[in-house]
Amino acid sequence: MGALPACWSSTSSCSKRKFSFCPMTVLVMVRPTIEMGFEMAEFVITPSPQVSVPVVGGGAFPVRRIYCVGRNYAEHAREMGHDPDAEPPFFFSKPADAIVTGGAPIPYPTETSNLHYEIELVAAIGTGGKGISVESALDHVWGYAVGIDFTRRDLQAWAKKAAKPWEVAKGFDHSAPISALVAASALTPPLKGAIKLEVNGETRQSADISDMIWDLPHVVAELSRYFELFPGDLIFTGTPAGVGAVVKGDRVTGSIAGVGSVETTIA
Ligand code: MN
């Protein structure tokens, strides 16, 4: 420590003296910092940018986590070879930076030859909580969007068979294109309405969000039993039947009546 400037040996007092001539003070004040006890530490690498989703009418919604519901529509559970009456829906997640906005193309992912689309209603949490009641669940939702839960179906099949986690099947880069968010205050809660997906203009998925096994309030309430929810969390609420493969060059569009539409191209 002897070779360092005198102020370095007493960092905490140095960082509190705003008008000190200590050169370290300047660094501490202008660089992004995180709280570490009573001292401020500099990030040692540049932090990743905050992921966000544009909001209809302006502004952006910062994304914290992406939760997803599996097998929340009976017909989809059946097409995947499962009995919806025997097994309730369940949760998995994607990393926040899997989000793709603005209709940007997504690259065909590596390590798969069976990339599937899944159109889904997305709820965006504005008020956090844990152990949220079904009755108050929608009070926690800031807004809604339409998302696509892209899936490496071949790796998911492998994971199921091998009793391995789903991360490589679900949590890959660019796997969650999403529409702009609509504020909950601007619409009636989307508990029913047509949900559909087209590939190159041809309808592949067509159902109604009222077909969900866990409706929106139950999704929020159930999820909050396992995880404390925080503002910025997104919940992909599951997909109806009709999932299938896309290839490079395909144009994928999806919509939910009263909520919006999402689009992307497989590049
Ligand atoms: Mn899904």
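On inspection, A180 does not qualify as out of contact with any Ser or Thr (no Cβ under 6 Å at 6 or more places or on another chain), surrounded by fewer than 19 Cβ atoms within 10 Å (Cβ to Cβ) and in the same structural domain as G57 (by TED's automatic domain parsing).
Here the range 48-77 is the region considered, the condition is being over 19 Å from the mean Cα position of the chain (by Cα) and part of a loop (DSSP other than H, G, I, E, B), and the residue that is nearest to the ligand (Cβ to nearest atom) is G57.
Selection of the range 132-155 for residues being touching a residue at least 60 places away in the same chain (Cβ under 8 Å) and of a type in the set (A, V, I, L, M) yields I132, V134, A137, L138, V141, A145, V146, I148.
Beta carbons closer than 6 Å, at least 6 apart along the sequence or on distinct chains, pair a first residue in the range 104-120 that is more than 22 Å from V259 (Cα to Cα) with a second that is in a strand (DSSP E or B) and within 16 Å of the ligand (Cβ to nearest atom) for I106/V100; I106/T264; T112/R152; N114/A245; L115/V246; H116/T151; H116/A245.
Criterion applied to A104, A86, A96, A77 was being loosely packed, with under 13 Cβ neighbours inside 10 Å, out of contact with any helix residue (DSSP H, G or I) (no Cβ under 9 Å at 6 or more places or on another chain) and closer than 23 Å to Y226 by Cβ, and the one residue passing it is A86.
Does the range 204-215 contain at least one residue that is assigned to a strand (DSSP E or B) and without any contact (Cβ under 8 Å) to a residue 40 or more places away in the chain? Yes - at least one qualifying residue is present in the range 204-215. Taking the residues in the range 78-95 that are within 13 Å of I213 (Cα to Cα) and of a type in the set (D, E) as candidates, determine which candidate is farthest from the ligand (Cβ to nearest atom). Top of the filtered list is D85. Within the range 226-253, restricting attention to residues that are more than 19 Å from G70 (Cα to Cα) and assigned to a strand (DSSP E or B), the residue that is farthest from the ligand (Cβ to nearest atom) is R251. Kindly establish whether W158 is in the same structural domain as G59 (by TED's automatic domain parsing), surrounded by fewer than 19 Cβ atoms within 10 Å (Cβ to Cβ) and within 13 Å of the ligand (Cβ to nearest atom). No: the conditions fail for W158.
The values are calculated or read from the model by the stated rules, or taken from the named source; none is laboratory data. Given the structure is predicted, the values throughout are model-derived calculations rather than measurements. FYI the Cβ positions are ideal-geometry reconstructions off the backbone, even for glycines, and counts take in every protein chain you see.
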